[in-house]
Amino acid sequence: MSSSNRTNIPNSLNEHWMPFTDNKNFKKNPRLITDAKGVYLTNHQGKKMIDASSGLFCNPLGHGRKEITEAVSKQLDKLDYCQPFNQGYGGSFELATRIAKKTPEGINRIFYTICGSTAVETAIKIAIAYHRAKGDSKRFRFVGRERGYHGMNIGATTVGGMINNVKTFASVLMPGVQHMRHTHLPEHKFVKGQPDTGVEMAEDLERIAMNFGGENIAACIIEPIAGSTGTLVPPKGYLKRIREICDKHGILLIFDEVITGWGRTGSAFASQEFEVTPDMITMAKATTNGVIPMGVVAVKEEMYDAVLDSSKNPEGTPELFHGYTYSGIPAAVAAGLAVQDIFDKEDIFNRAKDMSPYFQDGLHSLKDLKEVVSIRGYGMMGGVEMRMKDKPGKSGFQTFKHCYDAGVNFKNTGDTLIIAPQFICEKKHIDEIIEKLRTGISNYSKS
Ligand SMILES: Cc1ncc(COP(=O)(O)O)c(C=O)c1O
């Protein structure tokens, strides 16, 4: 195949082992995307679909943003790569400053990674390095949460709480990790925003601290809103209580904002939206509007200082033995800077906040549909849960296929449809998403 029609049907689908995919079925009936512009995608059959999940929560600014592609292209012409160890280039420092202006006060030291998984892995290592720097090297345990998703490296897999992701790899997971229960209670079905009940689920952290010794726990990592298991919104007061328990035991709190970061809740970060400040924030996805991989860990200044100050290494030796070949590469940084410009110029977070009630109302209007057993959401993210049929995941995937045929694209996770529109959506686009979801879900119910 020539490079000019590379995005059309390839000659062979056999060689590419696709990630998180039912490869056998996909290859019998592929869904290939050939073009993306604004809020729309086109597939290999020429069908136009509305993108209801911003890719994988990646492109809130819409597809094909000229400002971003031009910035990346210009950067590649000028400086395509420079090694990031003991060398650097101006752009990565500029982007760090821009990011630190938007993170909560005091969380202003920026470590670049390649993606969300490596951001989480890095946060885990920084937690250990910080405690060691403070002379507290016995803290080795981490606490995650059931139904949490933090990526697919060994550390990130271990702190995550999705059974299918861990069972094959149980023998190689990180030792010393405990999980709190998830916060999704039966009475949270069809609740808009934060549920009133369930704050007591935070006491699981206290219980783990009592059972394993709070002084042995390095950090607790949670998504402020669990995204990959279908938008599980924290009960009122829950995050604040988690913060209090962490403080009581000297446990670091990591908010994984790979999904909730960069405006998804209507504030730059969920930490600001829920007024709870963690010690580290991980981010990825929308940092570059999804066009070039980049992950980030934003770290409290005092933690950075502690690690640097404790180092007795000779000149030229890193204070933290950690980093990636692609940490803050020029093309990703150029995309990140262009994204920051658009955030500011288009007042994107307020735009997301203003559209949120309209989107949430639209989503909840699907409540009357047969087979829909729960709807929940916050800001510009939501989950529509379908009744389980035979086995978990079957009805979710079948509904996804009906919706795809109806012209709306998203991802299902188990039996929940993940809906996360782009922030550039106008009301007419939200209407189109909801209308097409209604058609797809109804067609599934009739099938
Ligand atoms: C909260 C969260 N953390 C981490 C990750 C992993 O990110 P990546 O796939 O970029 O490694 C994801 C991916 O969806 C995520 O949702």
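The values are calculated or read from the model by the stated rules, or taken from the named source; none is laboratory data. What you see is a predicted model, and the numbers here were worked out from it, not measured in a lab. Cβ atoms come from the backbone with ideal geometry, glycine included; neighbour counts cover every protein chain shown. SASA here: full protein model, heavy atoms, side chains in, ligands and nucleic acids out. Shrake-Rupley method; radii C 1.70, N 1.55, O 1.52, S 1.80 Å.
Out of 284, 306, which single residue is of a type in the set (A, V, I, L, M, F, W, C) and either within 16 Å of the ligand (Cβ to nearest atom) or out of contact with any helix residue (DSSP H, G or I) (no Cβ under 8 Å at 6 or more places or on another chain) (or both)? Can you show your working first?
On the way: 306 fails: either within 16 Å of the ligand (Cβ to nearest atom) or out of contact with any helix residue (DSSP H, G or I) (no Cβ under 8 Å at 6 or more places or on another chain) (or both).
Checking each option against the conditions leaves just 284.
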| query | Does the stretch 84-123 hold any residues that are within 16 Å of the ligand (Cβ to nearest atom), open to solvent by less than 30 Å² (accessible area, probe 1.4 Å) and part of a helix (DSSP H, G or I), and which are they? | reply | 116, 117, 118, 119, 120, 122, 123
| Within the bounds of the stretch 219-234, is there any residue that is away from the ligand (no atom under 16 Å from the Cβ) and out of contact with any Leu (no Cβ under 8 Å at 6 or more places or on another chain)? | no
| Selection count where residues are free of Cβ contacts under 8 Å to residues at least 24 places away in the same chain and surrounded by 22 or more Cβ atoms within 10 Å (Cβ to Cβ), scope the stretch 35-79 | 0
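Go over the candidates 319, 275 one by one and state the one that is within 24 Å of residue 351 (Cβ to Cβ) and more than 12 Å from the ligand (Cβ to nearest atom). Write out each step before concluding.
Details: 319 fails: within 24 Å of residue 351 (Cβ to Cβ).
Result of the check over 319, 275: 275.
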| task | Looking only at the stretch 165-179, decide whether some residue is among the β-branched types (Val, Ile, Thr), part of a helix (DSSP H, G or I) and within 16 Å of the ligand (Cβ to nearest atom). | result | yes
| query | Can you tell me which residue in the stretch 124-156 is nearest to residue 84 (Cα to Cα), limited to those that are more than 10 Å from the ligand (Cβ to nearest atom) and among the aliphatic types (A, V, I, L, M)? | reply | 126
| request: Would you mind stating whether residue 267 is open to solvent by less than 40 Å² (accessible area, probe 1.4 Å), of a type outside the set (A, V, I, L, M, F, W, C) and either at pLDDT 95 or above or in contact with a Cys (Cβ under 9 Å, 6 or more places away or on another chain) (or both)? | output: yes
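Under 30 Å from residue 341 (Cα atoms) and either away from the ligand (no atom under 15 Å from the Cβ) or surrounded by fewer than 22 Cβ atoms within 10 Å (Cβ to Cβ) (or both): is that true of residue 250 in this structure? If you could, list the steps in order and put the result at the bottom.
Values: under 30 Å from residue 341 (Cα atoms): no; either away from the ligand (no atom under 15 Å from the Cβ) or surrounded by fewer than 22 Cβ atoms within 10 Å (Cβ to Cβ) (or both): yes.
Taking the combined requirement at face value, the residue does not satisfy it.
Would you point out the residue of the stretch 37-83, among those that are part of a loop (DSSP other than H, G, I, E, B) and within 18 Å of the chain's Cα centre (by Cα), that is farthest from the ligand (Cβ to nearest atom)?
Restricting attention to the stretch 37-83, the residues satisfying the condition of being part of a loop (DSSP other than H, G, I, E, B) are 39, 44-47, 52-53, 58-62, 64-65, 79-83.
Keeping just the survivors that are within 18 Å of the chain's Cα centre (by Cα) gives 52-53, 58-62.
Numbers: 52: 16, 53: 11, 58: 9, 59: 13, 60: 14, 61: 17, 62: 20 Å.
Selected residue: 62.
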| message | When you scan the stretch 375-397, do you find a residue that is more than 29 Å from residue 164 (Cα to Cα), open to solvent by 10 Å² or more (accessible area, probe 1.4 Å) and without any contact (Cβ under 8 Å) to a residue 12 or more places away in the chain, even just one? | response | no
| Is there a residue being open to solvent by less than 10 Å² (accessible area, probe 1.4 Å) and within 16 Å of the ligand (Cβ to nearest atom) anywhere in the stretch 194-210? | no
| Could you say which residue among 290, 323 is open to solvent by 10 Å² or more (accessible area, probe 1.4 Å), modelled with pLDDT of 95 or more and either of a type in the set (A, V, I, L, M) or in contact with a Gly (Cβ under 8 Å, 6 or more places away or on another chain) (or both)? | 290
